[in-house]
Amino acid sequence: MTVDYVSFKFNMISDFNKYDTTISYLYSLQHHGIKLGLANIIKLMNILGEPHNSFNSVHVAGTNGKGSTSAAIASILMKNGFKVGLFTSPHLVSFTERIQINNLRIDKSEVIRIASMIRDAIAGTDLNPTFFEFVTAMAFCYFAQNNVDWAVVETGMGGRLDATNVILPQASIITNISLDHCEFLGNDISDIAFEKAGIIKPGIPLITASRLPNVIKQLSDIANSRHSEIHIYNKEFRGSLLHMDNKQTAFNYDGFKNFSNLSISLPGKYQIYNACTAVRTCEILKARGFSISDESIRQGLQNVNLEGRLEWISQSPPVIVDGAHNPEAAFSLSETIGDLFPDKKIILIAGIMGDKDLKEILIPLINISESVIVTKPKHERAALPDRLEKIIRTLKNPPASIMKTDTVNEALELAKTHCVKDRIILVTGSFYTAGEVKEIFGCSAVLSDLREQIRNEEATK
């Protein structure tokens, strides 16, 4: 059975007429777990009329930097007048963050409509898509129905068997590679690099900001075997830091041509890698015949819109949130905080998923913190505060003040009482932790409550 994804007519199911109900349904698909593989998504695309073939795309994989690089490319393409879809994950507060066109999040009514359409389309089949497979299909249908020119698509996990890997992009990007999601992707860098490299398509150029020599060689060998040009940071293109503050990072770029004094509207030295990767990608797209102006590159970088990366969400009290959730991201965050705020004392709120490398994430964060509050976001995978406290007390030079709370809200209230002059509250360790704090400061969301509702319903069955 197939459907025309553009003209598909559907009848709204009676229990599917509210956004909250739709989100509950989507999260119920998590009970299928994480199933890496393309069989389901290929069948789903066939049923839906192959929406993923209706637009040009850029595919972005990597351990860290995917979100920043994807947002930068999308912003540059928008400045050229293209209609640009952006598919990213995870979200911080609202599901609608995952699917955007020209910086506008998908409307809740569209979430209802498209989810209902897909559920109707697969009714009576043997398809049992996972949460991520279903949401990927939603994004591709939404982009197709809205006639986007481009879609910038971020992988969810890995690359080779990721649901997004059904697209045939104009360029593939691997930002960098480090250890994360080892239970799914492998326990060493070589295994993870192999999975990420699965997005490299025959004849399609690859751009990478990977900096480990063994990873670069592995990616080069795979790209060459598929007759794909590879563009490597610090070889075919590079950047040099000029200056940065808590709002932007300025740099010079050397690639097909030189750009002086570019600026990306995200702070951090590491953003140079992401910004340069975005610029190189757009240079390659231009060489492949697409219209991309130098001015749009400059303006696009200056207008990157991305939440949860060194994001100020309050000035009084001063609160910064960041989604750093693996050792490399935690190190980069701590380095940037030290550079930007050398005279400030940091009150750290840390909530981390229990399946992460907790010690290696905590070490760089503890090193820049005067005091720490360990807590637990509303997620079943979150590490218990007692466990985090025990790890911190085993570290060299632990902070004098180690506190713990059962909830993120309690952690924030406790931090406020200690946030006197020259202190900054830094919330990090997980996008879930950062998202809860954003929600507390007024961002609307229903997902944390719905996740709890789903767990409670399952417990009573």
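The values are calculated or read from the model by the stated rules, or taken from the named source; none is laboratory data. Quick caveat, the model's predicted, so the values are computed rather than measured. Neighbour counts are summed over all protein chains in view; Cβ atoms, including those assigned to glycine, are modelled from backbone coordinates with ideal geometry.
Annotations
- Scanning the stretch 381-388 turns up one or more residues that are in the same structural domain as G435 (by TED's automatic domain parsing), over 16 Å from A411 (Cα atoms) and modelled with pLDDT under 95.
- Sole residue being in the same structural domain as T428 (by TED's automatic domain parsing) and free of Cβ contacts under 8 Å to residues at least 60 places away in the same chain, chosen from P327, P342, P318: P342
For every residue, the table says whether it meets (1) under 28 Å from N246 (Cβ atoms); (2) at pLDDT below 95; (3) surrounded by fewer than 23 Cβ atoms within 10 Å (Cβ to Cβ).
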| position | (1), (2), (3) |
| --- | --- |
| V374 | yes, no, no |
| A411 | yes, no, no |
| F441 | yes, yes, yes |
| T460 | no, yes, yes |
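- Residue check for S70: hydroxyl-bearing (S, T, Y), surrounded by fewer than 20 Cβ atoms within 10 Å (Cβ to Cβ) and closer than 21 Å to D162 by Cα: no
- Residue in the stretch 259-272 that is assigned to a helix (DSSP H, G or I) and either over 30 Å from I425 (Cα atoms) or assigned by TED's automatic domain parsing to the domain that holds S172 (or both) present: yes
- Meets criteria (modelled with pLDDT under 95 and not in a strand (DSSP E or B)) for N246: yes
- Entry remark, the stretch 76-100: residues being of a type in the set (G, A, S), surrounded by fewer than 23 Cβ atoms within 10 Å (Cβ to Cβ) and at pLDDT 95 or above number 1 in total.
- Selection count where residues are surrounded by fewer than 24 Cβ atoms within 10 Å (Cβ to Cβ) and among the basic types (K, R), scope the stretch 267-283: 1
- Qualifying residue in the stretch 232-243 (condition: at pLDDT 95 or above, of a type in the set (K, R), surrounded by fewer than 17 Cβ atoms within 10 Å (Cβ to Cβ) and assigned by TED's automatic domain parsing to the domain that holds V58): yes
- Single residue of A139, A151, A121, A144 found to be surrounded by 17 or more Cβ atoms within 10 Å (Cβ to Cβ), closer than 18 Å to V166 by Cβ, without any contact (Cβ under 8 Å) to a residue 60 or more places away in the chain and of a type outside the set (K, R): A139
- I361 vs. criteria part of a strand (DSSP E or B) and buried (at least 22 other Cβ atoms within 10 Å of the Cβ): no
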